[in-house]
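The values are calculated or read from the model by the stated rules, or taken from the named source; none is laboratory data. The shown structure was predicted, so the numbers you read here are calculated from the model rather than taken from an experiment. Here the Cβ positions follow ideal geometry from the backbone for every residue, glycine too, while neighbour counts run over all protein chains shown.
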Amino acid sequence: MAQVTVSVDRPGSHRLRRARSRVPVWHLLWVVLGALFFLVPIYSVVQFSLQGILPHQNEFHWYLTVFDDPNFRSAFWLSLQISLETVAASLVLMVPTVFWVHLRLPGLRPVMDLVSVLPFVVPPIVLIVGLAPFIKSLSIWLFVRPEVLSLIYVVFALPFMYRALDAGLRAIDLRTLTEAAESLGASLPRTLFRVIIPNLRAAIIGGSLLAVAISMGEFTVASLMGFGTFAVYTFNIGMSTAYEGVALTFISFLLVWGIMLGLYLLGRGGASAAGVAITDEKK
Amino acid sequence: MTTVALRGISRRFGNVDALDHLDLEVRDAEFVSLLGPSGCGKTTALRIVAGFEWPDSGEVLVDGQDVLGKPANKRNMGMVFQAYSLFPNMTAQQNVEFGLRVRKQSREVRAKRAQELLELVGLATAMSRYPRQLSGGQQQRVALARSLAIEPSVLLLDEPLSALDAKVRVQLREEVRRIQSELGITTLYVTHDQEEALSISDRVAVMSAGRVEQFGTPAEIYSGPRTAFVANFVGTMNKLEGKVVSRADRVVRCGPILLNVPDPTFNHAAGETVDLFLRPEDITLELLSNGEKPPSGMFEGRVTSLTFLGPVTRVGLATDLGLLLADVSSAVALNLAADTVVAVKLDSTSLRSIIA
Amino acid sequence: MSVAEFAETELPPDVVVGDVPRKRSHTRRWAFLGMVPFAAFITIFLLIPTGEIIVGAFRTVNGAFTLSNIRDIFQAPYPAAFEFSVELSALSALIGGIFGFLLANAILHHGVPRWIRPAYISFSGMAANFAGVPLAFAYGATLGSLGVVTVLLKHLGLNLYPTFSLQGLCGAALVYAYFQFPLMILLMVPVIEGLRTEWRESASNLGASAFTFWRHIGLPIITPSLLGLMVLLFGNALSAYATAEALGISNLVTIDIAELVDGNMALDPQDAYALALGMIVIIFVTITIYSLLQRRTSRWLR
């Protein structure tokens, strides 16, 4: 049998003894490697965009060149326009639909889940093949407008918009809220606009931000249909002038980063944002 | 022969002291329960013994050897978790065999031992079933068998029955105790259910806010609570506030009534404020006919509530000592109604005094 | 009150007259009407185009039925394009799967600083959106012939070019990995979290090392999910067009389709339909395999 051991109680001694084995070297290694993998290209972009500059020029020369280019502004503006139209069309289509399914047709939920995955089965490059005859017939009748692009983008944004709205509706007790509103005399459309949508603000904004990100960055359909969107412009510039192309790339990064930041802040202050919405209503 | 000792165990989470200089000594083959409300630190203490957490200071000795330097998978202790601990991709048999597999035992040895243990817990027929095909109670039995398969020196159980139905709980706790005494394994059992702790333990450590309030046999804990917390946490207690009149005679004045407290541990100076504790079953009632005065040694009480508890009825009484709860047999309670006046007698030998 | 008096009574606002409970079958039918806008949109912009593809794959330019398009895709230059597409997708899916899993596991580990996890998750959300033109140019700036890293390696004596190329298998796979990793991380985190701590601790308590745990419990449980996600990554890479185009890759199925649509290729434009159909079939199969494998894992994680 063991003898009685009297150990002096040195505070923290155990922690020290195990300090070495408690540091997860393996995992930290991967974290660091992963960080390197993701950050090196971004650093390279910044570095590269500040290179190739003649001594008498400003170090942000390439960025200034880009901003001065009127095509840049028109391309950016076009993309922005299309993004907003995509968001609008997406919301008008999806919000009432998902609301309706949750409220009256819960049996269709699995079908909706399936439909929301379809855009992945038919990726942009494939979809455009199927849309080509349709577009061709359209261009006979009328000049092909950017709005058509927006509608196509609604398809690409569909999975993300659906998931955001679906999650948002699941988080609120839709049935109870609707029944309460109806018992107070409100019609269904009024309920949707005054009661449900204000409570879905976070989900709506989240889905919209993702739709904007997709629209601003989409290249495949835009280029094959001949639109001069931001991504197409970036491609064309980059193919001829590497430095300007990289500067544009960094601008794209900042754009996406800004959108994601917006999403993140939204998530943090989500509850308070919804709260503000409700108190606004009360005023 | 395995003893477990926790000495001066402290652990801080943020600015909360989960454990505050905890001391505990468990004897060989003893079944000790850690009893307390959630947040008292009982699970943390257990996990420190198991090796899933480390204390900020203090030591844990098994047979006199400090085990804190050893990682969890080298301590040879068996642990049964509250739920969900069975490996879902293995059958009951494979689960039980796992510890032996790690120890590189041959297939025959493993199979034989798994068979033995599953029979011990009464689940020999469920050997090839998967956890999702077993009920909660059955899963916990397999978990117990699995932890015993490695012949651990210490058995640790973390609220193993909390997630089960009441009836299954009572059944299983008896079995756990039976198996434990048959095998003679030193055991630490964490629970918040006092009935559970009192019915199966050799000794119970009542914990609160990271400290052991009282460590003793179930009888000691129940009849001789030494702190107000223990008195209130374990069972129902009547609390009487009073002032000590005489230390030598052990007399306390509660309101207009003088109480004699024969408790040999009574050692309070005259003038001190004390709390006296008394269990509802130590109060007897006698019916009074109209206008009759209570006999000597008893005082008057008026019924304010009656709660049927099955074999007994808990009677709420308004008295000069304040509101009291008395347990009387339900047959007797049939004669009582709200506002009935009764004579109340306290069994003063059961009075416990604690400094207020 | 009389009927006339009742008719005169003012109804409170917002009460929709006639909104009385109907027979169940009536309500169901009316309810489906609410789905018309969505159904119409999906039909026009998703189902009809898909139908066009399926039909067009078997049609000549004049509309006659033919199998020649299908036959064409088995002739040069398409098989090489398919081969490269599959190789590239498989490689990026493999890299993405394995390292994505290791990364997801690492950021979830309890010993790793807490802030690393949200940092990675939010960055993954971003990185998944970089795919396309900006990503290709970013890698051009990094590992292109004049890229920052290329130049750095040259200083250290390592000459990447001409053996290395961003348009070659390894180079392109590296670029693809940039959007495959984040996808894998985002999708893998919930799966790993599904591994209950009780299993880990029980295994440890019974004497198992971390390796033993993963070997007998961890990996067996999540392998179906791991494989399923890798299959998903495969389909994801196969569909990529913008990134490949901006990198300048030429022998890829998606690039070929684009060329045909543009009319740049001196081949039968109807081949585009056949190629598109082929892609739909492949991706459909991958998604089916993915969901089957996911279901196997969730069976245990419940």
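Determine which single condition B:GLY41 fails, assuming it passes every other condition in (1) out of contact with any helix residue (DSSP H, G or I) (no Cβ under 8 Å at 6 or more places or on another chain); (2) more than 9 Å from every other protein chain (Cβ to nearest Cβ); (3) surrounded by fewer than 22 Cβ atoms within 10 Å (Cβ to Cβ).
All conditions are met except number (3).
Looking only at helices (runs of 4 or more DSSP H) that fall completely inside region A:76-190, which ones have 2 or more residues that are out of contact with any strand residue (DSSP E or B) (no Cβ under 7 Å at 6 or more places or on another chain) and within 7 Å of chain C (Cβ to nearest Cβ)?
The helices (runs of 4 or more DSSP H) meeting that bar are A:109-121, A:124-141, A:146-171.
Can you tell me which residues in region B:244-280 are over 10 Å from B:SER353 (Cβ atoms), touching a residue at least 40 places away in the same chain (Cβ under 8 Å) and of a type in the set (A, V, I, L, M)?
B:ILE257, B:LEU278
Could you tell me which numbered condition C:GLN167 fails, if it satisfies all but one of (1) within 14 Å of chain B (Cβ to nearest Cβ); (2) at negative phi; (3) assigned to a loop (DSSP other than H, G, I, E, B)?
Here C:GLN167 meets the rest and fails (1).
What's the number of the condition C:PHE179 fails, among (1) within 14 Å of chain B (Cβ to nearest Cβ); (2) under 19 Å from the mean Cα position of the chain (by Cα); (3) among the hydrophobic types (A, V, I, L, M, F, W, C)?
(1)
Could you tell me which numbered condition B:LEU276 fails, if it satisfies all but one of (1) in contact with a Cys (Cβ under 9 Å, 6 or more places away or on another chain); (2) among the aliphatic types (A, V, I, L, M); (3) more than 16 Å from B:SER348 (Cα to Cα)?
Failing condition for B:LEU276: (3).
Residues of region C:41-65 being of a type in the set (A, V, I, L, M), farther than 18 Å from A:LEU114 by Cα and more than 7 Å from every other protein chain (Cβ to nearest Cβ), which ones?
Result: C:ILE54, C:VAL55, C:ALA57, C:VAL61, C:ALA64.
Which one of B:GLU25, B:GLU59 is charged (D, E, K, R) and more than 23 Å from the chain's Cα centre (by Cα)?
Going through B:GLU25, B:GLU59 in turn, just one is charged (D, E, K, R) and more than 23 Å from the chain's Cα centre (by Cα): B:GLU59.
Before we move on, is C:MET230 within 20 Å of the chain's Cα centre (by Cα), buried (at least 20 other Cβ atoms within 10 Å of the Cβ), away from chain B (no Cβ under 14 Å) and at pLDDT below 90?
no
So which residues in region C:253-273 are of a type in the set (A, V, I, L, M, F, W, C), in contact with a helix residue (DSSP H, G or I) (Cβ under 9 Å, 6 or more places away or on another chain) and more than 10 Å from every other protein chain (Cβ to nearest Cβ), if there are any at all?
Within region C:253-273, C:MET265, C:LEU267 meet the criteria.
Please specify each residue of region B:85-105 satisfying the condition of being farther than 12 Å from B:ARG146 by Cβ, in contact (Cβ under 8 Å) with a residue 24 or more places away in the chain and in contact with an Asp or Glu (Cβ under 9 Å, 6 or more places away or on another chain).
none
Could you say which residue among B:VAL328, B:VAL303, B:VAL274, B:VAL315 is in a strand (DSSP E or B), more than 30 Å from the chain's Cα centre (by Cα) and surrounded by 16 or more Cβ atoms within 10 Å (Cβ to Cβ)?
One residue alone meets the criteria, B:VAL303.
Count, please, the residues in region C:95-128 that happen to be facing chain A (nearest Cβ under 8 Å), surrounded by fewer than 23 Cβ atoms within 10 Å (Cβ to Cβ) and closer than 21 Å to C:TYR176 by Cβ.
The qualifying residues number 5.
Got a sec? Which of C:PRO113, C:PRO49, C:PRO79 is assigned to a loop (DSSP other than H, G, I, E, B), out of contact with any Ser or Thr (no Cβ under 8 Å at 6 or more places or on another chain) and at pLDDT 85 or above?
Every option except C:PRO113 fails the conditions.
Out of the residues in region A:207-235 meeting the condition of being more than 10 Å from chain C (Cβ to nearest Cβ) and outside any loop (DSSP other than H, G, I, E, B), tell me which one is nearest to C:ALA246 (Cα to Cα).
Only one residue fits best here, namely A:SER215.
Residues in region A:186-207: is at least one under 21 Å from C:PHE130 (Cβ atoms) and at pLDDT below 90?
So far as region A:186-207 goes, yes, one or more of its residues are under 21 Å from C:PHE130 (Cβ atoms) and at pLDDT below 90.
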